[in-house]
Structure formats: C-alpha cells, structure tokens
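The values are calculated or read from the model by the stated rules, or taken from the named source; none is laboratory data. As the structure is a computational prediction, the values presented were derived from the model and not from experiment. Cβ: placed from backbone, ideal geometry, glycine included. Neighbour counts: every protein chain shown. Side chains included, ligands, DNA and RNA excluded: accessible areas come from the protein's heavy atoms. Shrake-Rupley method; radii C 1.70, N 1.55, O 1.52, S 1.80 Å.
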Amino acid sequence: MIATQQAINMFVQETGGWAASQLEACTRCGMCAEACHFYQSSANPEYAPVWKLEILKRAYEQRFTLVGKFKTAIGIDKKITDQDVAHWSELNYYACTVCNKCAMVCPMGIDLGTLLHTVRSGLAAAGMVPEDLETAVMKQVIEGSPLGMTASVWDSRLEWVADEWEVDIPRDVKGADTLVVFTSIEVMKFPTNVAAIAKILNAAGEKWTVSSSAREVVNFGFYEGDQEHEKLFMRRLFDGAKELGVKRIVVTECGHAYDALRFHAPNLLSEANDYEIVHITGVMADLVKSGRIKLQEGFYDNVGTLTLHDACKIQRKGGYIQEPRDILNIIAPKSFKEMTPNQEEAICCGGGGGVIAIKAADPIRYDVFTLKIDQVNKIGANMVTMTCSNCRLQFTDCMDHFKLDWKITGLAQMVADAMVE
Ligand code: SF4
Ligand code: SF4
Ligand code: SF4
C-alpha cells in the first residue's frame, strides 16, 4: 500500500481543495467523453476524461471529506488499492495524450488538462509510471536525451546533416539572437527537418545558434508528470541560453516540447521569463510576411491532395492556427484541402503525451489512429503535413502498420523546399 499512499499524498498535496472543487462542478454531461479520441475510437467508458480523474476525486474525498470517510467506512466507497493505482496508471498513460481537447469543450470550465497532469504527478510519485516511459526519462536524466542523443552523437549527427544538405548550422555561438532547440526525434529520425530549418534561418539572415548543452528540447519529465525531472530538463535549456546570451528561444517541430517550455516553464522556473519563447511555425510565417524569405507560389500544386494535421499543442493550445494555413495558401493554393474537424477542434494523432513510447499501449494507439485515417481518406488526401515531429512519428509508424500510401512531411521541410533561392 506504500505506492497507493504516495499517490494519494501527492494528489492531495498538489491540488488540495482546488481539484475537488473543480470536479464537484462536473454535471456528468459527457461532452468531454465525446471529444476524447480514445473514447471516440473505442466507446470504452473508462476512457472518458472525467473517469481518468476519478482516482483523484476519490483520494481527496476519502482523506478530507466527512461524507467520503463515512462512505469508505461503511463500504459504499472502496478504499483505493495498489491495483486501482496500477489500473489508473494504464488509463492515464496509455489512453491519454494530454491533448486538452476535453478541457476545451467542458461547459463547466473544468480545467481537465491540469487535472490530468496532476494525476500523472501522483502516479509518478507512487512509482507507477509505465516502464518504457520511465526508461526514456532516465535516459534523458543520464544521457541528456531519451533517444540516446548524447553530446557526441549530437555532434556527429549535426556534422553529417550540414555536409549532406550543404547547410551551415551555427553551434555554440555567443551573442547570437536566437537559440534554436531541436528534438532528438528530428535529429535522429527526421534530419531533413534540421537541414530545412537551418536553410530557412540562414536565408532570412537570422543570427541564430544551436547549443551543445541545450541540445534536447523533448521533455520526458513533462510526459511522466515528475516536476523535478521536468525542471531539470528545462533548466538545461535555460542554462544553455544564458551561457550564449540569446534573447529568444525557438522550439522546432515538437508539440509537447513547446507546451512544456512555453506554458509550463514560466510557472516552474523564473528564468523562463527572461526569454521570448516561440514556435518555428510562427517564425516561418513572420519571415514570409515580412518578405525575409520568399516562397514559390503554387510550388506544391501538382502533388495531388494535400492536407494539414493540426497538432494539439501547437495549433489548439499554442494558437498557431492561421500561420500554417497562410503558408499553405501560398505554396499549395490548389492542392491544400482541410480535414474535418480541424483547427482547435482537430482530432489528435493519438501518439502524444508519451503514448508512442509505451509498447504496451500500441493497440490503443493504432485504434485511435483509425479516426485519422477516416479523416484523411474522406477528403482523398495523399499527402499530409504537420508542425509536430511527434505527430509525424505517429503518422509514419501508423502508415507502416496500416500499409497506407500517403506522403508525410513537416511544414518546415515544405517551406525550405519551396523557397526562392
Ligand atoms: S464535460 Fe465537464 S461537466 Fe461534462 S462530464 Fe466532462 S468534466 Fe463533467
Ligand atoms: S486530454 Fe485529450 S486524450 Fe486526455 S482525456 Fe482529454 S481529450 Fe482525452
Ligand atoms: S503528438 Fe501531435 S497531435 Fe499528438 S498529442 Fe502531441 S501535439 Fe497532439
């Protein structure tokens, strides 16, 4: 029962009465369930967002309310057991991407996103993080990256990208204006993204740099729910930024990394407020708008039907909704077609929140992706672009799994290829 007590302590200590009062406002209307892609694809009532929070509610009631204590004493409510904690660990880590869509639709304004994070914090304190995810976290603690991108691996990969695509990648430049922080997903799996972003920033004449100490923007502590790990990974980035004296940090194509750094970091570390933190999607749109880079109109109009997958953390939460559309309306005005629903209401890819890192969650993750397949097929698209490499990883993996014949790409790569030299 030690694990259970630790989880309960953390739930109660983290949120106190706030979580309880939030959940008390719930009218059980079911709108959050209808909005959740895990529930939509399975109709499993346990995947309803509010049910994923049930353990939080029970923990608070049993510890603090007279009614809760009474109900537990006479056996109406069962005491939370280790098995319950293990079960809710699966519900929260396997079947939630922390995409925040449920929070957006709740008519009572319940902050479901924050509450779901709180559940993860309690589970992390109880040592109930799925093994695969925990292994990735520890790799990031020890090696600096969950994908094994140590300093020497990073060094040789960047050297190779610079040679292969004949592009200059400024490293550890003191006095640069902008620090660009890539994810290991890009450096290790989608190196064309690194080359593309370098090409764009160089063409715009930006004074930018990457940093060997701030080389990994992915934050597995954020997925895990352990604030100390989360802060450790953020601090590495801010220390790197401070060392180089930059004013601005540009997060590349990773949704959760952007959420962690842009929205979580200012609440956790005061140094976050020393920098302007922006996403590459906004940077590219600004460069196009100001004429610092020029794009060939209609460059992608012969690719068939192209669509945009809206990433929850960049479009819905980050607000970069119009920017990718402005770009696509220049480079693909005829081939670009929207999926339905889109923008804030878009359906999540199903691989975020660490879900793709958990092998045991694969069947659930594939099941959820069938919603995306329907969306893409409905408009007959054969090419899908996006602004998040984690989404791209999920799309690429699901293409293999479902034997799909789509072309998947990142928006930065499209912009770089369509630039007028
Ligand atoms: S949408 Fe809000 S009020 Fe409705 S069931 Fe979900 S949490 Fe409760
Ligand atoms: S955050 Fe997203 S995945 Fe998680 S419960 Fe809410 S809608 Fe579902
Ligand atoms: S990977 Fe992309 S779509 Fe999936 S949860 Fe993250 S931001 Fe959302």
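How do the helices (runs of 4 or more DSSP H) wholly within the range 205-262 filter down when requiring 1 or more residues that are touching a residue at least 40 places away in the same chain (Cβ under 8 Å) and open to solvent by 40 Å² or more (accessible area, probe 1.4 Å): which remain? Can you show your working first?
Values: elements: 220-224, 227-244, 255-258.
Answer list for the range 205-262: 227-244.
Report whether or not Glu131 is on the phi > 0 side of the Ramachandran plot and either open to solvent by 10 Å² or more (accessible area, probe 1.4 Å) or in the same structural domain as Arg236 (by TED's automatic domain parsing) (or both). Working first, answer last.
On the way: on the phi > 0 side of the Ramachandran plot: no; either open to solvent by 10 Å² or more (accessible area, probe 1.4 Å) or in the same structural domain as Arg236 (by TED's automatic domain parsing) (or both): yes.
In short, no.
Answer yes or no: is there a residue in the range 345-356 that is within 16 Å of ligand 1 (Cβ to nearest atom) and at pLDDT 95 or above.
The initial filter retains those residues of the range 345-356 that are within 16 Å of ligand 1 (Cβ to nearest atom), namely 345.
So of that shortlist, the ones also at pLDDT 95 or above come out as 345.
The answer is yes, given that some residue of the range 345-356 is within 16 Å of ligand 1 (Cβ to nearest atom) and at pLDDT 95 or above.
Which members of the range 170-180 meet the condition of being surrounded by fewer than 24 Cβ atoms within 10 Å (Cβ to Cβ) and of a type in the set (A, V, I, L, M, F, W, C)?
The answer is Val173, Ala176.
Would you please list the contacts, defined by Cβ atoms under 8 Å and residues six or more apart or on different chains, that run from a residue in the range 30-43 that is open to solvent by 30 Å² or more (accessible area, probe 1.4 Å) to a residue that is assigned to a helix (DSSP H, G or I) and within 8 Å of ligand 2 (Cβ to nearest atom)?
Listed pairs, sorted by first residue: Tyr39/Tyr47; Tyr39/Pro49.
Among the residues of the range 236-287, write down those that are farther than 18 Å from Ser145 by Cβ and of a type in the set (Lys, Arg).
Lys242, Lys247, Arg248, Arg262
Could you go through the range 348-355 and let me know if any residue there is farther than 29 Å from Ile200 by Cα and not small (Gly, Ala, Ser).
Within the range 348-355 (the criterion being farther than 29 Å from Ile200 by Cα and not small (Gly, Ala, Ser)), the answer is yes, since at least one residue qualifies.
Which of the numbered conditions does Ala176 fail, given that it passes all the others? Conditions: (1) among the hydrophobic types (A, V, I, L, M, F, W, C); (2) within 25 Å of the chain's Cα centre (by Cα); (3) over 20 Å from Glu253 (Cβ atoms).
Ala176 satisfies every listed condition except (2).
Residue by residue through the range 86-114, note down the ones that are under 17 Å from the mean Cα position of the chain (by Cα) and not polar (S, T, N, Q).
Filtering the range 86-114 down to residues under 17 Å from the mean Cα position of the chain (by Cα) leaves 92-104, 112-114.
If the condition is that a residue be under 17 Å from the mean Cα position of the chain (by Cα) and not polar (S, T, N, Q), then Tyr93, Tyr94, Ala95, Cys96, Val98, Cys99, Lys101, Cys102, Ala103, Met104, Leu112, Gly113 are the ones that fit.
Could you tell me which residue of the range 326-344 is nearest to ligand 1 (Cβ to nearest atom), considering only residues that are under 20 Å from the mean Cα position of the chain (by Cα) and of a type outside the set (Asp, Glu)?
As a first pass, look at the range 326-344 and keep what is under 20 Å from the mean Cα position of the chain (by Cα): 341-344.
If we keep only those that are of a type outside the set (Asp, Glu) as well, we get 341-343.
On the way: Pro341: 17, Asn342: 21, Gln343: 20 Å.
So, considering only residues that are under 20 Å from the mean Cα position of the chain (by Cα) and of a type outside the set (Asp, Glu), the one nearest to ligand 1 (Cβ to nearest atom) is Pro341.
Can you tell me which residue among Gly350, Gly380, Gly410, Gly354 is under 30 Å from Gly298 (Cβ atoms) and within 17 Å of the chain's Cα centre (by Cα)? Spell out the reasoning first.
Numbers: Gly350 fails: under 30 Å from Gly298 (Cβ atoms); Gly380 fails: within 17 Å of the chain's Cα centre (by Cα); Gly354 fails: under 30 Å from Gly298 (Cβ atoms).
Among Gly350, Gly380, Gly410, Gly354, only Gly410 is under 30 Å from Gly298 (Cβ atoms) and within 17 Å of the chain's Cα centre (by Cα).
When you scan the range 380-420, how many residues do you find that are crowded, with 19+ Cβ neighbours inside 10 Å, out of contact with any strand residue (DSSP E or B) (no Cβ under 9 Å at 6 or more places or on another chain) and of a type outside the set (S, T, N, Q)?
The number of residues fulfilling the criteria is 4.
Return the total of residues in the range 267-314 being among the aliphatic types (A, V, I, L, M) and not in a helix (DSSP H, G or I). Don't jump to the end; show me each part of the working.
Kept after step one, since they are among the aliphatic types (A, V, I, L, M), are these residues of the range 267-314: 268-269, 272, 277-278, 280, 283-285, 287-288, 293, 295, 303, 306, 308, 311, 314.
So of that shortlist, the ones also not in a helix (DSSP H, G or I) come out as 269, 277-278, 293, 295, 303, 306, 308, 311.
Going through the range 267-314 one residue at a time, the tally reaches 9.
Any idea which of Ala43, Ala59, Ala25, Ala73 is away from ligand 2 (no atom under 12 Å from the Cβ), modelled with pLDDT under 95, within 24 Å of Val105 (Cα to Cα) and in the same structural domain as Thr118 (by TED's automatic domain parsing)? Before you say what the answer is, go through the steps one by one.
Details: Ala43 fails: modelled with pLDDT under 95; Ala59 fails: within 24 Å of Val105 (Cα to Cα); Ala73 fails: within 24 Å of Val105 (Cα to Cα).
None of the other options fit; the residue is Ala25.
Looking at the range 44-58 only, could you name the residues that are open to solvent by 30 Å² or more (accessible area, probe 1.4 Å) and in a helix (DSSP H, G or I)?
Initial filter on the range 44-58 (open to solvent by 30 Å² or more (accessible area, probe 1.4 Å)): 44-47, 51, 57-58.
Listed by number, the residues that qualify are Pro45, Glu46, Tyr47, Trp51, Lys57, Arg58.
Checking the conditions here, which among Asn273, Asn302 is surrounded by fewer than 18 Cβ atoms within 10 Å (Cβ to Cβ) and closer than 29 Å to Arg235 by Cα? Write out each step before concluding.
Values: Asn302 fails: closer than 29 Å to Arg235 by Cα.
Residue meeting the stated conditions: Asn273.
Out of (1) surrounded by 15 or more Cβ atoms within 10 Å (Cβ to Cβ); (2) modelled with pLDDT under 95, the odd one out for Ala103 is which?
That leaves (2) as the condition not met.
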